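Structure record follows, encoded as structure tokens.
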Amino acid sequence: MRKLRSHEQKRILLLGEKLRENPNTILLSIPVFMFGVIFYSLSGNKEGIAGSLGHCGIAFKNYHKHFWQKDFLLKIGFWLFNKSADYATGEGKVSTVLHAGQISLSLDNLNLARKKYEEALMVCKNQKVDTGIDGYIFVHLAVLDLKEKKLDKVKLNLDKALKILNIRLEENPKSLYLHIWMSLLELTMGEYYLTVGDKMLARAWAEKAQNRTEKYDLKVRKLDVKRLLSRIGRLGPFYLLLLAAMEIWGKNRLLIFAGILLTAFCKN
């Protein structure tokens, strides 16, 4: 299989991505990516075909999100991601299958979404993709479980994701992708604790996501964080005081314990 070895060979995809990331020119990116499919097909470049199809799928997905909420746009995106997966390998294949799962969830086809997420995990395992995207997939499984009210599975999948993403962030702390993935985990943790009625932990996780989005300028998450914090609502002064006390206790546990012992000794 021929690969995209140079900037020159990737020029079509780079132009399409630039157009797609601007909401005002999303539609213009679609013919660019379609031209890419034809161009890379003629040159026998499977990586280029996979990239063009996958990026075009994202264009339809983004247009649905920002401008026109019609299901047929998502269905076109789903078809494009499935076709891309036929040509893609490695993390690219994992990503396209994951996108297909996300669209299935948006279309309320929960069984197909789960099937795609599990397929993405299997591809990840079989092709030995160890970038942390498996942790991101576990977050998506948790989102699906939350939608289906399978709360025990939500926490289980989030804990798996947290372990994986923490390890990858220690290895590569500057990776923007990892911070985007971790911010979704933090948001989903917030959603989980809000669902089970623990507003303190819900707010704590939402604020972690907020801090990460501000520090790394994660525009894709800022609105989601704002919405979650709004749903959690403002905590009363008692709960804020309790949160502060818990934080102090966590950081200075030994010091506080020693103070208690010293006080008891002095009284005697």
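Laboratory data are not the source of any read-out in this text; all were calculated from the coordinates shown. Since we're looking at a predicted model, the values are computed, not measured. Don't worry about glycine lacking a Cβ; one is built from the backbone with ideal geometry, like all the others, and counts go over all protein chains shown.
Observations on the model:
- Output for region 192-215, where each listed residue is surrounded by fewer than 17 Cβ atoms within 10 Å (Cβ to Cβ) and among the hydroxyl-bearing types (Ser, Thr, Tyr): Thr195
- Meets criteria (part of a loop (DSSP other than H, G, I, E, B) and not small (Gly, Ala, Ser)) for Asp217: yes
- Residue count for region 194-231 satisfying the condition of being closer than 15 Å to Leu146 by Cβ and either in contact (Cβ under 8 Å) with a residue 60 or more places away in the chain or touching a Leu at 6+ places or on another chain (Cβ under 8 Å) (or both): 9.
- Entry remark, region 144-169: residues being touching an Asp or Glu at 6+ places or on another chain (Cβ under 8 Å) and of a type outside the set (A, V, I, L, M, F, W, C) number 2 in total.
- Residue in region 70-81 that is buried (at least 23 other Cβ atoms within 10 Å of the Cβ) and of a type in the set (Val, Ile, Thr) present: no
- Scanning region 89-109 for residues that are out of contact with any Cys (no Cβ under 7 Å at 6 or more places or on another chain) and β-branched (Val, Ile, Thr) returns Thr89, Thr96, Val97, Ile103.
- Met189 more than 15 Å from the chain's Cα centre (by Cα) and either crowded, with 21+ Cβ neighbours inside 10 Å or of a type in the set (A, V, I, L, M) (or both): no
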